[in-house]
Amino acid sequence: MVDEEFKSALGVLNGVMPPPLINEESVRKYKAKRKQLPSVDEFTAGILKGDLTLLSQAITLVESSLPSHAEIAQQILEHCVPFSGNSIRIGITGVPGVGKSTFIETLGLRLVNSNHKLAVLAIDPSSERSKGSIMGDKTRMEELSSHPYAFIRPSPSAGSLGGVARKTRETIILCEAAGYDTIFVETVGVGQSEVAVHSMVDFFLLLMLSGAGDELQGIKRGIMEMADLIAITKADGENIEKAERAKAEYTNALHLFPPTESQWIPKVITCSAKNITGIDDVWDNILEYIGLTKSNGYFDKTRKKQACYWMYETINQSLIDGFYHDKRIQKFLENFEKKVVDGEISPFKPAKILLEKYYKRRYIKLYYKRK
């Protein structure tokens, strides 16, 4: 028996139980709802209406590595392809520190405020290794990302360049079907990803800083040759004179390249996203280029070549994924790798053996499946 003087006035009467912190029935219903994806027809209808939630979910399925998701994603893409292709696709790249995010937001705001619908996609296959923050770009483009006519989508956080680029190409199709008439594909830094981006866009824009004498040495000739326009950024304040010198340097460099198949003569201009100068010149050049290439047939010809290119890239990537994801091949690979490293066998012998094993196994599987 507890003494009366030690009894608390705040005591809870016996038999009164506090309510559970978690409603199990609500959790069960929520989980069941989450697992149920919209149908392919619902996805397609939503995307065509410009539903951002369904568009984002469809892009997530495209980026997913789950076979079940990949199958649904391909069906959605098949339904959306007839409604795609009606945009201007622009690749944007530049050296680190050039101000890509600021430039994209400034040009992007000009477009969306003129009733254009803009999708900004990013390619960054190395972000897991470098810890680069593509989401940081979305944060920096705060005004653009909140505009109802703009859609900003970071790339997958990791993966091979071929895989990430292919998913970006598929994302372009979904965005076009959703009514976006302008697509920006941004790359991180200057490297191999530029080649992948060039193979999926109509116009390739290279952003550069002033001080061309130094930077020119660090830019690969191939990237310069891909550029349809070079824009010297941050041409404001004390940098105006440097930017003009850089413009002259790059213009001279471009004269060394052979004529382009598009009949377009690449140009160099200066601009400032901070002062909003030269931004209209960039867009005017893009429109002039599109007009020229559509009139001479180069635009449609390039689009068809790009479609074939991505068909073969998808085949190649599927073959690579199938080989390396094969459990039996993975086991043999570990043994052969040790022997190659120890110098017991040449690198070419195990490659031949593994490929023969893989294709033989695939043939047997196919044979019994047909039976």
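Where a number appears in this text, it was derived from the coordinates with a stated rule and is not lab data. Bear in mind the structure is a predicted one, so any value in this text is a computation, not a measurement. All Cβ positions, even for glycine, are placed from backbone atoms using ideal geometry, and neighbour counts span all protein chains on display.
Working out 0.36 nm times the residue gap between residue 307 and residue 330, then minus their Cα-Cα distance, what length gain in nm do you get to one decimal?
Full-extension gain reported as 5.0 nm.
Taking 0.36 nm per residue of sequence separation and subtracting the Cα-Cα distance, how much length would be gained by fully extending the chain between residue 360 and residue 255, in nm to one decimal?
32.4 nm
Let's test this: bin the Cα-Cα distances of region 211-328 at 5 Å from zero up to the farthest pair and state each bin's percent.
Going out from 0 Å in 5 Å bins, region 211-328 shows 2, 10, 14, 15, 15, 12, 10, 8, 6, 4, 2, 1, 0 percent.
State which entries of 167/304; 331/352; 242/267; 167/360 exceed 20 angstrom in Cα-Cα distance in the structure shown.
Pairs exceeding the cut-off: 167/360.
Set the Förster distance to 45 Å, then compute FRET efficiency between residue 353 and residue 276 from the Cβ-Cβ distance, nearest 0.05.
Calculated value: 0.15.
Please compute, over every Cα-Cα pair in region 37-83, the percentage with a separation greater than 18 angstrom.
Value for region 37-83: 16 percent of Cα pairs lie more than 18 Å apart.
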